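Here's the structure, in structure tokens; my notes come after.
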Amino acid sequence: MATSSRKRTQPRLRILVVDVGGTHVKILASGQRTPRRFESGPTLTPRRMVAGVKRAAAGWAYDAISIGYPGVVVRGRPVSEPHNLGRGWVGFGYAKAFGRPVRILNDAAMQALGSYRGGKLLFLGLGTGLGTAMVADGVIEPMELAHLPYRKATYEDYVGARGLERRGKKKWQRHVADVVECLRTALEPDDVVLGGGNAAKLERLPAGCRLGSNANAFRGGYRLWSAERR
């Protein structure tokens, strides 16, 4: 009796990507074109985030969730509380709260994954703070460089939102260029991507950099589950 060699086609996994930022939470699901968002800030706890995501995602179908988290993530779990949000993120049961499988990655690492084209990529997210990550030969390497010493404070104090507000746009741009050069010299990347909400405020990109897009965070969230779609 002949047997069919045709492989059974598996249904495509539908992913909901949640990008948790210091001012907004942005979401997008597989098959959707327009992201939705709601405000975050210092009172946002993980429980409130879950409730907000469920309300914002009403009418969307999804099987699994990717979360871009603004803090240190080790083996898929947050291990430090975010600097700009409420408390309770470490040890929270995300999969149980959502009722779906959940994968969590540092938010800068998720944007880096979505920006990756090959080789060794350095991603710098210029937003409320400073997000940093590398992707080397397809392997994600989240990095916590924001609070390392720089001049009289830290990298984040000079190139994050506080630095922009305190020092003005011209000085901020000079510090961004200087930080990029310092990190490029130390890490020797093939590609440098500047993302985050404030990257678009740069009048001129530092040499050798390209401008990222917030859409790359969603692409990175989809790629987190890419093995299940092969």
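Of the residues in region 17-33, none is more than 17 Å from the chain's Cα centre (by Cα), over 22 Å from Asn214 (Cα atoms) and among the charged types (D, E, K, R). Taking the conditions (1) hydrophobic (A, V, I, L, M, F, W, C); (2) under 21 Å from Leu28 (Cα atoms); (3) at pLDDT below 95; (4) open to solvent by 40 Å² or more (accessible area, probe 1.4 Å) in turn, Ala108 satisfies each one other than (4). If I ask for residues that are touching a residue at least 24 places away in the same chain (Cβ under 8 Å) and farther than 14 Å from Ile65 by Cβ, which ones from region 14-30 would you list? Hits for region 14-30 are Gly21, Gly22, Thr23.
Among residues of region 87-112 that are within 23 Å of Pro42 (Cβ to Cβ) and small (Gly, Ala, Ser), those with a Cβ under 7 angstrom from a residue that is open to solvent by less than 50 Å² (accessible area, probe 1.4 Å) and assigned to a helix (DSSP H, G or I), sequence gap 6+ or separate chain, pair up as Gly88/Pro46; Ala97/Val50. Annotation note: of Gly76, Gly86, the sole residue that is of a type outside the set (Val, Ile, Thr) and either out of contact with any strand residue (DSSP E or B) (no Cβ under 6 Å at 6 or more places or on another chain) or within 25 Å of Tyr158 (Cα to Cα) (or both) is Gly86.
Residues satisfying the criterion are absent from region 212-227 (criterion: of a type in the set (D, E, K, R), more than 30 Å from Arg33 (Cβ to Cβ) and outside any strand (DSSP E or B)). Listed by first and then second residue, the pairs linking a residue in region 43-72 that is surrounded by fewer than 13 Cβ atoms within 10 Å (Cβ to Cβ) to a residue that is assigned to a strand (DSSP E or B) and of a type in the set (Gly, Ala, Ser), with Cβ atoms under 8 Å apart and 6 or more places separating them unless they lie on different chains, are Ala61/Ala29.
Got a sec? Which of Gly86, Gly91 is open to solvent by 10 Å² or more (accessible area, probe 1.4 Å) and in a loop (DSSP other than H, G, I, E, B)? Explain how you work it out, then say what you get.
Working: Gly86 fails: open to solvent by 10 Å² or more (accessible area, probe 1.4 Å).
It is Gly91.
Looking only at region 155-174, how many residues end up being farther than 15 Å from Gly127 by Cβ and open to solvent by less than 30 Å² (accessible area, probe 1.4 Å)? Give the derivation first.
Pass one, region 155-174, residues farther than 15 Å from Gly127 by Cβ: 166-171, 173-174.
Narrowing the set further to residues that are open to solvent by less than 30 Å² (accessible area, probe 1.4 Å) leaves 168.
Of the residues in that region, 1 qualify.
Residues in region 140-154 that are open to solvent by 40 Å² or more (accessible area, probe 1.4 Å) and either closer than 29 Å to Arg103 by Cβ or touching a Cys at 6+ places or on another chain (Cβ under 6 Å) (or both): 6 in all.
Screening Leu124 with (1) closer than 14 Å to Asn216 by Cβ; (2) open to solvent by 30 Å² or more (accessible area, probe 1.4 Å); (3) in contact with a helix residue (DSSP H, G or I) (Cβ under 9 Å, 6 or more places away or on another chain) gives one miss only, at (2). In region 1-33, of all residues being assigned to a strand (DSSP E or B) and either open to solvent by 20 Å² or more (accessible area, probe 1.4 Å) or at pLDDT below 90 (or both), the one that is nearest to Leu85 (Cα to Cα) corresponds to His24.
The values are calculated or read from the model by the stated rules, or taken from the named source; none is laboratory data. Remember, it's a predicted structure, so these values are computed and weren't measured experimentally. Every residue, glycine among them, receives a Cβ derived from its backbone with ideal geometry; neighbour counts consider all protein chains shown. Areas reflect the complete protein model, heavy atoms only, side chains present, ligands, DNA and RNA absent. Shrake-Rupley method; radii C 1.70, N 1.55, O 1.52, S 1.80 Å.
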